[in-house]
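S.K.: Sharing a structure with you now.
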Amino acid sequence: KVLLIVYKKKQNQLTNRMNSLMENLEMDIRNDIRQGFIDLQTENADLLENVGTIPFLDYKHFASRIFFPEVESVCVISQNNYNFSLMTSAQWVNNYVIFRCVLASLLTVALHSDLSYLTEVMEVLLKDLMQQSSNTQPKLLLRRTESTVEKLLTNWMSICLYGFLREGVGQQLFLLVSALSQQISKGPVDCVTEKALYTLSEDWLLWQAQDFQPLKLEVLFEVSSDGEMSEALEVAVLSCDTVDQVKEKILATFRTKFGFPYNSPLRELCIGEALYRNTKLDHFKDSERLGDVTMLNTMKHYKVKNNLKIQLLE
């Protein structure tokens with residue numbers, strides 16, 4: 001009986017301790033959420049200064065990016081009697097998701113001039129997909145673009161919605177994406193996995209975010225061959241940003257400020273302190289090593305101070 005009383009007492013103490021820890025954890029989470037909400041409400045969101053310069057693509061480039069996002073050059077194949085048998089047999093090729101998507105895009109290009117027939121082919125394939133005995137979870141149908149018919153449906157909807165996107169909701173969608181990108185960039189983003197502290201998806205949440213401090217850099221651009229520099233452009237970065245992340249933010253700020261992209265791609269650019277032209281910030285120079293892992297250098301590694309003048313070099 002004494003042992004039972006002692007056990008019961010310890011059990012109650014353990015329960016009270018666990019409840020106290022849970023309450024403290026919930027309180028910390030509530031405080032973090034409340035502080036994050038306050039930060040979002042008090043910060044000014046300067047999305048675009050030139051709203052009229054939304055970078056719309058013409059139909060040719062829009063279609064090519066939708067149809068072949070990872071393919072540079074393709075050959076178009078179109079045979080009416082061969083389409084259905086070829087596409088249904090392609091569904092059973094294991095681990096050929098890219099092949100299926102390219103096949104659907106090739107068919108879309110081949111039948112682009114005859115959208116009515118393309119719609120008929122898509123309807124037949126959709127009915128076949130819905131009637132498959134292996135499709136035991138109808139709620140998951142069309143959730144992913146892993147089959148040929150799903151990619152075909154995506155291409156067909158993109159063709160039909162192009163005019164509406166350009167003339168109707170394109171600007172609003174662009175501003176929405178710009179706002180989300182701006183909020184995500186205000187917190188740490190893993191340069192390798194691309195997981196972020198501020199994200200809409202739990203799957204892409206950066207759980208172990210290191211301490212960081214916001215920084216303002218004064219970026220100078222070379223405007224002539226004789227070394228003449230432009231006026232300084234203020235760019236917001238973080239102390240935990242890598243060199244490539246800083247370059248991306250510089251180019252994004254340039255595009256937002258002037259309404260057009262910088263004339264050189266990111267891979268051809270480097271950054272360095274304006275006072276020391278030969279001093280370039282590099283990803284791996286004097287990098288810290290943890291076993292076989294080489295750490296990427298950040299602004300904190302280079303001891304970059306607030307309002308430091310940085311020069312963009314080619």
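S.K.: Could you identify the single residue in Leu106, Leu140 that is modelled with pLDDT of 50 or more, loosely packed, with under 11 Cβ neighbours inside 10 Å, of a type outside the set (Val, Ile, Thr) and under 30 Å from Val169 (Cα atoms)?
M.R.: After applying the criteria, what remains is Leu140.
S.K.: When you go through Leu161, Leu129 one by one, which is the residue that is at pLDDT below 90, aliphatic (A, V, I, L, M), out of contact with any Phe, Trp or Tyr (no Cβ under 7 Å at 6 or more places or on another chain) and within 30 Å of Thr256 (Cβ to Cβ)?
M.R.: Leu161
S.K.: To continue, here is another question. Which is crowded, with 16+ Cβ neighbours inside 10 Å and in a helix (DSSP H, G or I), of Leu161, Leu175, Leu153, Leu180?
M.R.: Details: Leu161 fails: crowded, with 16+ Cβ neighbours inside 10 Å; Leu175 fails: crowded, with 16+ Cβ neighbours inside 10 Å; Leu180 fails: crowded, with 16+ Cβ neighbours inside 10 Å.
Result of the check over Leu161, Leu175, Leu153, Leu180: Leu153.
S.K.: With respect to Glu146, is the statement that it is touching a helix residue (DSSP H, G or I) at 6+ places or on another chain (Cβ under 9 Å), of a type in the set (D, E, K, R) and outside the structural domain of Gln245 (by TED's automatic domain parsing) true?
M.R.: Yes; evaluated as a whole, the condition is true for this residue.
S.K.: Let me ask you something else. Please state which of the following conditions Asn94 fails to meet, knowing it meets all the rest: (1) at pLDDT below 80; (2) of a type outside the set (A, V, I, L, M, F, W, C); (3) in a helix (DSSP H, G or I).
M.R.: Tallying (1) at pLDDT below 80; (2) of a type outside the set (A, V, I, L, M, F, W, C); (3) in a helix (DSSP H, G or I), Asn94 fails exactly one: (3).
S.K.: With the condition kept exactly as written, say whether any residue in segment 249-261 is surrounded by 15 or more Cβ atoms within 10 Å (Cβ to Cβ), at positive phi and out of contact with any strand residue (DSSP E or B) (no Cβ under 7 Å at 6 or more places or on another chain).
M.R.: The initial filter retains those residues of segment 249-261 that are surrounded by 15 or more Cβ atoms within 10 Å (Cβ to Cβ), namely 249-257, 259.
Next, only the ones that are at positive phi stay: 259.
Add one more test, that the residue is out of contact with any strand residue (DSSP E or B) (no Cβ under 7 Å at 6 or more places or on another chain), and what stays is 259.
Yes, segment 249-261 contains a residue that is surrounded by 15 or more Cβ atoms within 10 Å (Cβ to Cβ), at positive phi and out of contact with any strand residue (DSSP E or B) (no Cβ under 7 Å at 6 or more places or on another chain).
S.K.: Could you tell me how many of the residues in segment 193-212 are outside any loop (DSSP other than H, G, I, E, B) and without any contact (Cβ under 8 Å) to a residue 12 or more places away in the chain? Break it down into steps so the answer makes sense when it comes.
M.R.: At the first step, the residues of segment 193-212 found to be outside any loop (DSSP other than H, G, I, E, B) are 196, 202-205.
Among the residues that remain, those that are also without any contact (Cβ under 8 Å) to a residue 12 or more places away in the chain are: 202-205.
The qualifying residues number 4.
S.K.: Thr193 versus (1) farther than 27 Å from Lys303 by Cβ; (2) surrounded by fewer than 17 Cβ atoms within 10 Å (Cβ to Cβ); (3) not assigned by TED's automatic domain parsing to the domain that holds Glu273; (4) not small (Gly, Ala, Ser): which is the lone unmet condition?
M.R.: Single failed check for Thr193: (1).
The values are calculated or read from the model by the stated rules, or taken from the named source; none is laboratory data. Source: prediction; values computed, not measured. Because the Cβ atoms are built from the backbone with ideal geometry, glycine has one as well, and the counts that use them run over all protein chains shown.
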